[in-house]
Amino acid sequence: YLNSDTHNFSSGSGHQIVTVVPSNTKHSSLWSIREGHEQTPCTAGQKLTCGSRIRLTHISTGRNLHTHGIRSPLSRQQEVSGFGEDGEGDGGDDWIITCEGRDTYWMRNRPFKLQHKDTRTYLSSNAQYQYNQRNCGRNCPIVNHLEVAAKATPDLETRWKVELGVHLSH
C-alpha cells in the first residue's frame, strides 16, 4: 500500500519519504484524490475518466505525491516524495490515470498506472528495493518498506489498484 509519514529523505530532495507497506491498517496509507493543477475541481463521488490529470494528497501530512529529476536512493530511478503544504504544491504533483484494457473510467480493484505529467515516468515499486539497516541505517524508520520510484517504462512494477476509494496497493 502506498504510504507516507513525517520522515524526510536525508539526501536527494530532502522531501517527505513515500514507500510501500504490506498492510493498509495504518492511517499513513490514506490518500485523497484531487484535480491536477489548473484543472476543474472534482466533486466527491465523481467518476474520473481514464486520462484524467490528478493529484494524490496524503491525508495525514497534506503533502502531494511528487516526482522530479532527482535519483531515487535504492533503484536509481526517479525519486518519488511528498511535497507541498496542505495540498498546495506545483506541477510536479500532477499524475495522469492510465487505465488498462477498455476501461473508460478509473475503477476500484482494476489495474491502472499513474504517469507523471511532466517527466512522463510511471509510479513504481519493486520488492527488490526494500529498505533495511544496511541501506537505511540503524534506527531507520522505514525498515522493511519498499522504495517507491518513477520509471520510464511501464511494466508489472507500475501496476496499481485502488481499494476502499483511498488506498493504493501494488
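The values are calculated or read from the model by the stated rules, or taken from the named source; none is laboratory data. What you see is a predicted model; the values in this text were computed from it and never measured. Methodologically, a virtual Cβ is constructed for each residue, glycine included, from the backbone with ideal geometry; neighbour enumeration extends over all protein chains shown. Ligands, DNA and RNA are stripped out before the accessible areas are found, and what is left, the full protein with its side chains, is counted by its heavy atoms. Shrake-Rupley method; radii C 1.70, N 1.55, O 1.52, S 1.80 Å.
Placing pseudo-labels 7 Å out from each Cα toward the beta carbon at ASN135 and HIS27 gives an inter-label distance of 3.0 nm. With pairing defined as another cysteine C-beta under 4.7 Å, the cysteines of the chain that fail it are CYS42.
Take the Cβ-Cβ distance between ASN109 and ASP86 as r, set R0 to 30 Å, and report the resulting FRET efficiency rounded to the nearest 0.05.
Between ASN109 and ASP86 the formula returns 0.50.
Within the chain, which is the longest segment containing none of the GluC sites (Glu not before Pro) that sit in a DSSP loop and have at most 13 other Cβ atoms within 10 Å? By the stated rule (loop sites, at most 13 other Cβ atoms within 10 Å), 101-170.
What is the chain's relative contact order, in percent, from Cα pairs under 8 angstrom and six or more apart in sequence?
This gives 23 percent for the chain.
Accessible area per residue for the chain, computed on protein heavy atoms with a 1.4 Å probe, is 51 Å².
Here the chain has 46 percent of its accessible surface on carbon and sulfur atoms, given a 1.4 Å probe and all protein chains in place. Evaluated at q = 0.11, 0.12, 0.19 Å⁻¹, the base-10 log of the normalised Debye intensity for region 22-166, with identical point scatterers placed on the Cα atoms, takes the values -0.41, -0.49, -1.28.
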